[in-house]
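*Asks:* Have a look at this one.
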Amino acid sequence: MISVTQARKILSENTERAGVKIISLEESLDLHLAKDIYSPIDVPSFDNSAMDGYTMEYDGSRKEWDLGEIIQAGDTSRQKVVAGTAARIFTGAKMPEGTNTVIPQELIQRDEHLGKIYYDLDQIKPGSNVRLKGSQCREGELILAKGTVITPGVIGLLASVGIVEVEIYAPPTVGYIITGDELKEVGTKLIEGEIYNSNGPMLTALLKKAGIRVISGYKASDDKEKLQQIINEALETRNVVILSGGISVGDYDFVKECLENAGVNELFYKIKQRPGKPMFAGKKGEKFIFALPGNPASVLSCFNMYVKPCLQYMQGLENVWKPNKILPLPLEQKKKPGFTFFLKARREGEKISILGGQQSFNLQAFSTANCLVELEEEKDLIEEGTLVNVYDL
Ligand code: AMP
Ligand code: MG
């Protein structure tokens, strides 16, 4: 049995970045850039108006202009505005030659009859309301760093500089295997002794949230031959294989034996932690295998503490093993010494509350938990106010 710290160290030493892939902007949401991105153009690529209004060469003193052309956004045919003349202009339209300022239409009086406009306030300085060429970014400037997660805003930025494809870390493909004869799928009727398979839907959701696109769920009964067959198949077709249940010491817990038969090399088995003591991790070549104890709380905790950081590192993230926050414990906690405890908790800003119903079969607290709080291995009492590691779910 190893400590939580040792488990993290072993996994971090065995995880590598995934291969890179070029994909279209449309498909890139939530993935991570595998390369720095430099803008191929100046943005804006021409000086343009930031307002609907009137444009002219303004020196700060003149108050009256003859009105000339009308310049719509996208219209580039009008080239020059003669001195003493103003042009009607709209937001995003190219500034014509011979102008330096846009005065918003609300501040202008217009005499249709004389074809003149008047501006009588001192609010506008020469040069106002013009978006200058290159004021967002210059051609060749670094606009996004390698590892950046592609959010809707990042997609907008990339599109604004004309980029249609990006190089990303290809998320690994994942297969998960649910084991247990007592499990029924949601949507069917339970008979005495059966329970619903809640780990399956939860794992799908956890994986989606971790950026995984290709997720296959398998179901295996507690039968050695059948389990072996499914493990072999998942290992052949997927980069990462996750198992739920069957890894403990019960008579029908065949997962470890079947993984050994499939040629999986053990990285560790059993961690000094609660929940999730009998967790197994292994590798077969480049492929990662995680066998999580079947209790739903163990799945939630082990996934977030070990599987998620590995998947994130593969996809280009940094600092994946660090807690999101270090915060004072709101109430003293008694615990069994020799085990790290992960408690379901809720964090609002810098305040945490430890939730009731921490038993590993109890899913009620899952709906309110948004983080896990780590209580260190050695102690049997963690005092109120002790700084503890907090991991967002
Ligand atoms: P095991 O690790 O197979 O001994 O399972 C531990 C506990 O978790 C047992 O009470 C199982 O019934 C329960 N369990 C196992 N798999 C699931 C699942 N997919 N959904 C809900 N509970 C499960
Ligand atoms: Mg079982």
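The values are calculated or read from the model by the stated rules, or taken from the named source; none is laboratory data. All values reported here derive from a predicted model rather than from experimental measurement. As a convention, Cβ positions derive from the backbone with ideal geometry for all residues, glycine included, and neighbour counts pool all protein chains shown. Quick note on the areas: whole protein, heavy atoms, side chains included, nothing else; ligands and nucleic acids left out. Shrake-Rupley method; radii C 1.70, N 1.55, O 1.52, S 1.80 Å.
*Asks:* Give the angle, between 0 and 90 degrees and rounded to the nearest 10, that separates the Cα long axis of helix 4-14 from the longest principal axis of the Cα atoms of the chain.
*Replies:* Roughly 70 degrees, rounded to the nearest 10.
*Asks:* Taking θ = phi - 60°, what integer Hz values does the Karplus form 6.51 cos²θ - 1.76 cosθ + 1.60 yield along the range 361-367, in sequence order, with x for Gly and Pro?
*Replies:* 8, 8, 9, 4, 5, 4, 6
*Asks:* If you build the convex hull over the alpha carbons only and average its shadow over all orientations, what do you get for the range 325-392? Give it in nm² to one decimal.
*Replies:* Mean shadow area of the hull around the Cα atoms is 4.1 nm².
*Asks:* Any chance you could list the semi-axes, whole Å, largest first, of the equivalent ellipsoid that the Cα gyration tensor gives for the range 88-138, using √(5λ)? All intermediate terms of the calculation are to be shown ahead of the outcome.
*Replies:* Details: eigenvalues 117, 33, 16 Å².
Whole-Å semi-axes of the equivalent ellipsoid: 24, 13, 9.
*Asks:* Now for a different question. Return one quarter of the surface area of the convex hull spanned by the alpha-carbon atoms of the chain, equal to its mean projected area, in nm².
*Replies:* About 27.6 nm², averaged over all directions.
*Asks:* Among the lysines, which fall within straight-line cross-link reach of LYS116, defined as a Cα-Cα distance under 29 Å, with same-chain neighbours fewer than 8 residues apart omitted?
*Replies:* Straight-line reach from LYS116, under 29 Å: LYS63, LYS80, LYS94, LYS125.
*Asks:* Mind listing P(r) for the range 12-56? All alpha-carbon pairs, 5 Å bins, whole percents.
*Replies:* Histogram of Cα-Cα distances, whole percents per bin: 5, 11, 15, 14, 13, 10, 11, 7, 7, 3, 3, 2, 1.
*Asks:* Under a straight-distance cross-link criterion of Cα-Cα below 20 Å, which lysines are reachable from LYS272, leaving out those fewer than 8 residues away in the same chain?
*Replies:* LYS9, LYS256, LYS308, LYS322, LYS334, LYS335, LYS336, LYS344, LYS379
*Asks:* Percent of alpha carbon pairs in the range 48-131 separated by more than 22 Å?
*Replies:* 12
*Asks:* Would you look at the GNM of the chain, springs on alpha carbons closer than 10 Å, and say which of VAL43, VAL373, VAL149 moves the most?
*Replies:* For the chain, modelled as a Gaussian network with Cα springs under 10 Å, the answer is VAL43.
*Asks:* When the chain is treated as a GNM, springs tying every alpha-carbon pair under 10 Å, which of PRO330, PRO96, PRO275 comes out with the largest mean-square fluctuation?
*Replies:* Judging by the Gaussian network model, the answer is PRO96.
*Asks:* Principal axis extents for the range 12-96, Cα atoms only, whole Å, descending order, please.
*Replies:* Extents along the principal axes, in whole Å: 73, 25, 18.
*Asks:* If you don't mind, there's one more thing I want to ask. Using a Förster distance of 51 angstrom, determine the FRET efficiency expected from the C-beta separation of GLN6 and SER135, and round it to 0.05.
*Replies:* Efficiency computed from Cβ-Cβ geometry: 0.45.
*Asks:* Show the residues, 5+ positions off or on another chain, whose built amide H is closer than 5 Å to the amide H of THR101.
*Replies:* MET56, TYR58, GLY127
*Asks:* Run lengths n ≥ 4 of DSSP H only: what is the helix-derived mean residue ellipticity at 222 nm for the chain, with -39500 (n - 2.57) per run over all residues, to the nearest 500?
*Replies:* Rounded to the nearest 500, the figure is -5000 deg cm²/dmol.
*Asks:* For LYS189 and GLU266, calculate 0.36 nm times their separation in residues minus their Cα-Cα distance, and state this gained length in nm to one decimal.
*Replies:* Details: separation 77, 0.36 × 77 = 27.72 nm, distance 3.81 nm.
So the extension gain works out to 23.9 nm.
*Asks:* Please work out how much accessible surface ARG238 shows to a 1.4 Å probe, ignoring ligands, DNA and RNA, in Å² rounded to 10.
*Replies:* Its accessible surface works out to 50 Å², give or take rounding.
*Asks:* Quick check: with the 1.4 Å probe, what order do ARG346, ARG131 take by accessible area, largest first?
*Replies:* ARG131, ARG346
*Asks:* Probe 1.4 Å, all protein chains in place: accessible area of THR148 in Å², nearest 10?
*Replies:* For THR148, the solvent-accessible surface is approximately 40 Å².
*Asks:* Order TRP65, TRP321, most accessible first, counting only protein heavy atoms with a 1.4 angstrom probe.
*Replies:* TRP321, TRP65
*Asks:* Ignoring ligands and nucleic acids, what accessible area does LYS336 show with a 1.4 Å probe (Å², nearest 10)?
*Replies:* Estimated to the nearest 10 Å², LYS336 gives 90 Å².
*Asks:* To continue, here is another question. Can you run phi through the Karplus equation (6.51, -1.76, 1.60; θ = phi - 60°) for the range 62-71 and list ³J(HN,Hα) in whole Hz, with x for Gly and Pro?
*Replies:* Karplus values, whole Hz, x for Gly and Pro: 5, 10, 8, 9, 6, 8, x, 6, 10, 10.
*Asks:* In percent, how large is the relative contact order of the chain, given Cα pairs closer than 8 Å and 6 or more residues apart?
*Replies:* 17
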